[in-house]
Amino acid sequence: MALEVTQILLNAQSIDAATRNHAEESLKQIQEQNLSAFLLSLSAELANNNKPIESRKLAGLILKNALDAKELHRKNDLAQRWLSLDLATKTQIKTSLLQTFSSPVSDARSTAAQVIAKVAGIELPHNQWPELIGSLLSNIHQVETHVKQATLETLGYVCEEVDPQVVDQEQVNRILTAVVQGMNATETSSDVRLAATRALYNALGFAQANFTNDMERDYIMRVVCEATQSSDVKIRQAAFECLVAISSTYYEKLAPYMQDIFNITSKAVREDEEPVALQAIEFWSSICDEEIDILDDYRSEYTGDSDVPCFYFIKQALPALVPMLLETLLKQEEDQDQDEGAWNIAMAGGTCLGLVARTVGDEIVPLVMPFIEENISKPDWRGREAATYAFGSILDGPSPGKLAPIVNVALNFMLAALSRDPNNHVKDTTAWTLGRIFEFLHGAAVETSVITQENCQQILTVLLQSMKDVPNVAEKACGALYFLAQGYEDEGSVSPLTPFFQDIFQMLLFVTHREDATESNLRTSAYEALNEVVRCSNDETAPIVMQLIPVIMLELHQTVEAQKLTSDERDKQNDLQGLLCGCLQVIIQKMGSIEGSKYAFMQYADQIMDLLLKVFASRNATVHEEAMLAIGALAYTAGPNFAKYMPQFYQYLEMGLQNFEEYQICAITVGVVGDLCRALEDKILPYCDGIMTQLLKNLSSNQLHRSVKPPIFSCFGDIALAIGENFEKYLVYAMPMLQSAAELSAHAVSQDDEMLEYTNQLRNGILEAYSGILQGFKSSPKTQALVPYAAHVLQFIDTMYGGREMDDAVMKSALGVLGDLADTLGSHVGPLISQSSSSKDLIEECMVYDDPLIRESAEWAKLAINRAVSG
Amino acid sequence: MAPPPDHRRPIKRAAISDQQRRREVALRLQADRRSDAQNRARQLASSVLSLGPEPATEPEVEPEQEMSEASGQLAGRSDFDPVRAARLRGPEVRKWFARQLMLPEWMVDVPPSLDRDWYVFPRPSGKRCFVVSSNGTTISRLRNGSILHRFPSNLPNGARAKDVSGPASSYSILDCIFHEPDETYYVIDMVCWRGYSLYDCTAEFRFFWLNSKLSETGASDPPSQYHRYRFNVVQIYECNLAGLQASYSGQVPYVKDGLLFFNKHAHYQAGNTPLALVWKDNVCSQYVLDTDSKGQIPSQQQVVLELQNDGNLTTSDDPPVALGSLSRDLIAQSGLRVGNLVRVAIKDERMRLVDGKLDLGELQLVGKTNHSRAFADTYSKVLFQHAARHAPLRIEDLVASIQSNSSMDNSQALDVEMEG
C-alpha cells in the first residue's frame, strides 16, 4: 500500500520555507501514523525510474536516517524498530533497493547502495538476510557496467557497516575475489575500477586470513600497486588510501613489498597531483606511527616486548626517505599560515619528517643539517622557511645531548629572524620552532636546559615584541611563551621568569584586546600562555597573579552584561567567556595551592562566585563546562566555606547533571559533586536527596554516554564519605545498582583494548563507591546495615581476580575495599573474608608488586584483615 | 585547501588544547583527592594500629623546661605521612610523632585583621602532647615522641569498656597540654575524632567540633577507675577587644603561659606555622625570657642553633635561617661537629637587621646543649626573645591594632557616605 510521496518530497526541498515546513510536517505525520507504509513508499520512490531524481534521493536519505543514527542509544532503537517490522514489508523494501541497481541514474544507485549497507548492518549480526552477499555476487560477471559498479560500491559500504566476525570466510573470499578482479588493470570501466578500489579499502579488515596466505597477499598487493599507476587520478588516490590502510592493518606483512612501495610513493610525492602525493606521504607517516608504537612497547618497563616485531622500515629507508621529505618542504603555499585548516604537501612532509625523527632519533640529525645550512639564509623566503621548518620538525626524537649544541648555536639566529625577517611565514615557523625548542630542550626533565638565566631575558624580550606582530606570528609567539613557562613549572622560587611577570601579563592582556585577536586563534593562545605563566607562579609572584584577578573578573563581568548581540558576536562572546572562566580556574587552583596566598585570594571568592553563576545564563556547552570546572576549583579552595554558595549554585549543579546531550558537562558536573563533597563534607547533606536522585536516574538511562557512568559510581563513594551514616537511606537504591553493574563488569569479556579500558574504569568506579560507603559508615552504629552486602562485594573481587584482567588502578582499589570491609565490619565479615580466594592470594601477590602504592594498599588490607579475622 | 585526514595532526598544531589540559588536570586532581581522602582514613588508622605493640615503659620525660614553652622547633619539616609511620617501630615512632604537632610561631608583629580572622585563648602552662585513644587504651606522647602516660579514659575507645558507638579500631587524636598541678589535659585542638580526620578542616570548624564532641563522651568527667585523667576544653575567644581582654586578664583554672592565637581559616598543619602564634608578657606568663641550662635568666640573650658544615649556625626553620657563624678555630677547639646544637650568647652591639634579615655577626659560644634537646630555636623565637629584652610587643600594641582595624572600617563607611 504505497503512498504517493513524490510531491511531498519535492516540497520538502522547496526554497519557500512555508512549503518546506509543511512538507516536513506531513512526512513526520505519515511516519508516525504508519511506519511500514512510509518506508515502503520511500523505497518504491527510490526504485522508480520515472520519478524525479530529487525526490528519489531524498527518499533514500530519509530511509537511511530511519535505519541509523549517530547516538548509540538512538541507533539501537532504530535497529530494534526495523527488526520488529513484518517480514513481508522488509522483503519488499530490500527487493526495491536491489532493483534500484539497474537504474541508469547513478545518484539513485549510489543512494540505494548506502541504504542496503545500513540494512545489512542491522540484519547480518542477527543472521538475517544471509543471501545478500550471494545475490549481490551471483551474476557480477554478466551484469551491465553500471550495475557492477553499484554492486561493488554496495559491497564496500557493507564491509564498512558490519563487523568482520559476522561474515564467514567463504563469503569474505567471494567479496575479495570480486573486488580485486574489479580493480584489475584489465577492467575497462574506470567507474568500476574506482568502486572496486574504494570497496577494497573497506574490505581490508575482512582479509586477515587472506593476508596470511602468501599467494593471495601477493596478488592483492600487486593489484593495489598497479592501481596506483592508473591514468585516473581518483583511482590512484584510492589505491594509495588502500596502501595506507594496509600499512597499519598488516604492517608485519609488508617487508617483501617495501622496496616497490618506496619507489611508487617517492614518484607520487615528487610528480603526482596533490591529493595523491598527500596519500603517498601519509603512507610513511602511518609506518612511523606503527614503529613508534612498537618501539614504545619495547621500552615499556612492564612488558619490554611487542606483539608485533619492529622491522625498522623507516631506519632502512632513511637515506632516501629524508631527502624526499625535505624536498616537499619547499612546496609551501602563499598564505598557508593564515588558514588554520590548511593541509598541503609541505605541511604533510614536515609532519612526516617529525614522525621520522621520533622513530629513529639521533640518526636523522646529520641527514637534515646540510639542508638547513644550505637554505637557512637563502634570499627566497621558501628556503629560509623550509630550513626552519625542518629544524623545528626534528626537535622531538633525537636526544637533547645531540640537539643542544646545535640549538645553542641556532638560538640567536632564530631570535634575530623572529624580530627581523621580512617574511611572515618565516617568522611564523621561527616562533613555532622556538616553542618546540622550549618544549623539548628545556624544563626540569631535561638535564642541561638550553635556556639559561642569561638568555632567558633576551628570549622574553623578543617573544613579547613578536606578540605585536601579525596575528599568526603573534599566536606562535604566545605558544612559544607557553612552553617557555611550562619548563619552569616545577622550579619553585628560582624561576628566571619571576622578574618579568608583570611585563608578561601586561603584554598578554594587551594581545587579548587586539582588534584582530580573533584571527589565527590569537586570543585563545594568549590566554593559554597566561594560564601557563600563572601555573608556574610561586610564593614570590603570587601577589602579581592576585592583581590579575580583578582584571579577569572585570572582563568576565563585561561579557555577562553585554546584550543584543548578533549571532556572530554571540559566538565570539562565548569563546571569550570560556577562556576567561578557564583562566579563573587556573588562578583559583594556583592561589589555593600556595598557602600564603590562599587567604588573600578568598576575599575575591564572593565576587567570583557571583560572576560564575551569571555565566550559566549562557547556552553554550563549552562555557558551562569551563564555569563548572572553575567552581569545582573554588569549592576545593574554599572548603566548608563554600556552603554559603550552595543555595544559589544548586540549580546549576542539577542542570549540569541532567545534561545528557552534552555529556562532557554531565561528567564534569559529576566531578564537581566530588569536589563539593570533599569541601563541604556533611554540610552537603541537605542537597544529597536531589543529587542522588539525579545520579540514580542517570545510571538507569540508556541515553547517557557510557563514559559518565564510572565517575557516577565513584561519586557515590564521595557522597558516602562526606555524609557518613546518613548515606543509609540511599543504600536500598544505590546498592542494587552497584551490584548489577559489578555483576556485568566482572564477567565482561573485552574484545578490544578500548572495551577493556572501559570495563576497568567501571570496575574502579564501583570499587571506589564501595570504599567510600564502607569508610563513611566506619564508627557508626549503623554499620550493620552493610553486612548483608559484604558477600557480594567479596564475590565481585573474587570474580575479577579470577578473570585476570584487572589493571593496576583496579587492583589498588580492590585491595582498598578488602581492607575497608575488614576495618569497618570487623568480626562480622572475618569468616567471609577468610573464605574468599582473592583476599589471600591477591594480597600476597601484591605485597611483592613493583608499584609502591599497590604494595602499601596490600599491607593495609592485610593488617586490617588480620585484625578482623583474629577479633 | 583540503583539511588533513582526521587522525593526522599537522605538526605545527598543538597536541592538546589548554582547555583539554584543564579538563584533564581537574579530573586528575579530583581522582587524587578522592584517593587522598580515602587513604587518609585508612593510613591514619593503620599507623595507630601498629603503635599498639610498642612497650609502654618509656617514662623518659624531657626534663627541660623548654617543653612547657611549646616553641616551634623542628629540624626540617616532614610532610604528614602516616604510611611511613605505620612501618616505624620504637624510637622512630617517637620521631614521627614529634613532627605531627602544629607548632605556633612567636608573634613578632601583629598580623592584619587580628580581630576578624583570629581566635585567642590563654595557653595553659604544661607539657604539650598528642593524645591518641584507640583499641581500648589512651596514650599521650610528648613533642619529642616519648610516651607521657598510658591510661584508660572516656575518650572514644579510650578504655576497655564496651563502647557502643563503633568498632574498637576507630581512633581519636587530640592536641593537648598536660597541666601538672591539677593533673588535667587541656585540649587545645582536635586532629581526629572517631576515625574522622580533621586535618583538612579550618580551625573554626575544629574548635566547633571539639566543643560539641568532647562533651558527648564524658571525657571532662572527674577521674575514675576507667578514666584516669580529666580532659578539659580551653575557653576560646574571638580576638576582639573583649576576647583579648578576657584571655589576657581573665581568671582561668590553670596556670597561664602566654596567649595563643589561631587563624580561623588555617588547617591543622604539622610543623611550624605562622597561622598559629604565641605571645606573652610578664602579666600572663611566668616565663617570658628564656633561661639558660641552669634555669637562670642570663644577662645576654642566648639562643640555641644548629652547626652547619660551613660554620654557619642556623635555626630550625624550614628552610633553616643562618644567623651567624663560628670561626673554624673555635669549632676545632670546642670539639663541635656538624649537626650539634650549640648555645650561643648574643652581643647586643653586633646584632642588626640587614635587608629585613637578622644578622647576629660572630657569636659567643656558651656550650653544647643538654642532649635531650632535639631542635634548634626558630627564627621567630630568636626575634621575640630579642624584642622581649629591648622593645617588647606589648598588650597595648595588640589592643591598638584591633582598635585601628575597627576605626578604619568606620572611616571607610564615612567615605562612602560622603561620596553619596
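The values are calculated or read from the model by the stated rules, or taken from the named source; none is laboratory data. Worth saying up front: this structure is predicted, and the values here are computed from it rather than measured. Methodologically, a virtual Cβ is constructed for each residue, glycine included, from the backbone with ideal geometry; neighbour enumeration extends over all protein chains shown. Accessible surface is based on the protein model in full, side chains and every heavy atom, while ligands, DNA and RNA are left aside. Shrake-Rupley method; radii C 1.70, N 1.55, O 1.52, S 1.80 Å.
Just a few scattered comments:
- Amide H contacts under 5 Å for B:Asp257: B:Arg123, B:Ser125, restricted to partners 5 or more places along the chain or on a different chain, H placed in the peptide plane at 1.01 Å from N.
- Averaging 1/r across all pairs of distinct Cα atoms in chain A and inverting the result yields a Kirkwood radius of 31.8 Å.
- Expressed as a whole percent, the accessible area of chain A that falls on carbon and sulfur atoms is 50 (1.4 Å probe).
- Under the combined filter of DSSP loop state and at most 14 neighbouring Cβ atoms within 10 Å, region B:183-285 retains these GluC sites (Glu not before Pro): B:Glu183.
- Note on A:Asn139 and A:Lys729: the extension gain reaches 205.6 nm, defined as 0.36 nm multiplied by sequence separation minus the Cα-Cα distance.
- Shown is the FRET efficiency for A:Tyr650 and A:Thr91, computed with R0 = 60 Å from the Cβ-Cβ distance and rounded to the nearest 0.05: 0.60.
- Here the simple spin-label model places points 7 Å from the Cα toward Cβ, and for A:Ser827 and A:Asp168 these points are separated by 6.4 nm.
- In loop segments of region A:584-628 as defined by DSSP, the trypsin sites (Lys or Arg not before Pro) with at most 11 further C-beta atoms inside 10 Å of their C-beta are A:Arg619.
- Among the residues of region A:740-784, those with an accessible-area drop of 40 Å² or more from chain alone to full protein complex, heavy atoms and 1.4 Å probe, are A:Glu768, A:Gln775, A:Lys778, A:Ser779.
- Probe 1.4 Å, protein heavy atoms only - accessible area per residue of the protein assembly as shown in square angstrom: 42 Å²
- Each of A:Ala150, A:Ser106, A:Ile116 was placed along the dipole of region A:91-171 (beta-carbon charges, centred on the mean Cα), and the one lying farthest toward the positive end is A:Ser106.
- Nitroxide proxy distance, nm - points 7 Å out along Cα→Cβ at A:Ser106 and A:Gln607: 6.6 nm
- For the residues of A:202-210, the average number of beta carbons from a partner chain within 10 Å of their own beta carbon is 0.
- When each of A:Lys94/A:Lys148; A:Lys331/A:Lys378; B:Lys347/B:Lys381; A:Lys709/A:Lys782; A:Lys118/A:Lys148; B:Lys213/B:Lys256 is checked by Cα-Cα distance, pairs over 23 Å: A:Lys709/A:Lys782; B:Lys213/B:Lys256
- Those GluC sites (Glu not before Pro) in region A:447-484 that DSSP places in a loop and that have at most 12 other beta carbons within 10 Å: A:Glu447
- Heavy-atom accessible area, 1.4 Å probe, ligands and nucleic acids excluded: residues of region A:315-362 down by at least 50 Å² from chain alone: A:Trp343, A:Thr351
- Interface B:A - total buried accessible surface [probe 1.4 Å, Å², rounded to 100]: 5100 Å²
- Debye-sum result for region B:193-273 in log10 I(q)/I(0), which assumes one identical scatterer on each alpha carbon, at q = 0.12, 0.14, 0.20 Å⁻¹: -0.47, -0.63, -1.14
- Rounded to the nearest 20 debye, dipole of chain A from Cβ charges on Lys, Arg, Asp, Glu: 1620 debye
- Shielding score for A:816-829, defined as the mean number of other chain Cβ atoms within 10 Å: 2
- When +1 charges are put on Lys and Arg Cβ atoms and -1 charges on Asp and Glu Cβ atoms, the dipole computed for region A:7-86 relative to its Cα centre reaches about 220 debye.
- Here region A:48-106 is assigned +1 on the Cβ of each Lys and Arg and -1 on the Cβ of each Asp and Glu. Its dipole about the Cα centre then comes out at about 80 debye.
- Under 5 Å, built H, 5+ apart or other chain: amide partners of B:Ser220: B:Phe231
- Percent of Cα pairs in region B:227-320 per distance bin of 5 Å, from zero to the largest separation: 2, 9, 13, 15, 18, 16, 14, 7, 3, 2, 0.
- Principal semi-axes in Å for region A:527-626 [√(5λ), Cα gyration tensor, largest first]: 26, 13, 10
- Think of the protein assembly as shown as a dipole: +1 on every Lys or Arg Cβ, -1 on every Asp or Glu Cβ, centred on the Cα centre; then among A:Gln502, A:Gln658, A:Leu579, A:Gln658 lies furthest on the positive end.
- Above-threshold pairs, the threshold being 29 Å between Cα atoms, out of A:Lys729/A:Lys862; A:Lys590/A:Lys778; A:Lys402/B:Lys12; A:Lys64/B:Lys12: A:Lys729/A:Lys862; A:Lys590/A:Lys778; A:Lys64/B:Lys12
- Per-peptide average of other Cβ atoms within 10 Å, ordering B:3-9, B:256-262 highest first: B:256-262, B:3-9
- When the protein assembly as shown is described by a simple charge dipole with +1 on each Lys and Arg Cβ and -1 on each Asp and Glu Cβ, the residue from A:Ile797, B:Ala159, A:Ile854 located farthest towards its positive end is B:Ala159.
- Separation of alpha-carbon centers, region B:208-260 and region A:398-457, rounded to whole Å: 63 Å
- Maximal additional length on extending the A:Asn65-A:Gln99 stretch stands at 10.2 nm, based on 0.36 nm per residue less the C-alpha distance.
- Drop in accessible area of at least 50 Å² in the complex versus isolated chain, residues of region A:556-591, 1.4 Å probe: A:Gln589
- Taking Cβ atoms as reference points and 10 Å as the exclusive limit, the residues near A:Leu132 contribute a net charge of -1, counting Lys and Arg as +1 and Asp and Glu as -1.
- Cut-off 13 Å (backbone N to label point 7 Å along Cα→Cβ of A:Ala600), residues of region A:504-544: A:538-544
- Once Rg and the Kirkwood radius are both taken over the C-alpha atoms of region A:363-419, their ratio Rg/Rh works out to 0.95.
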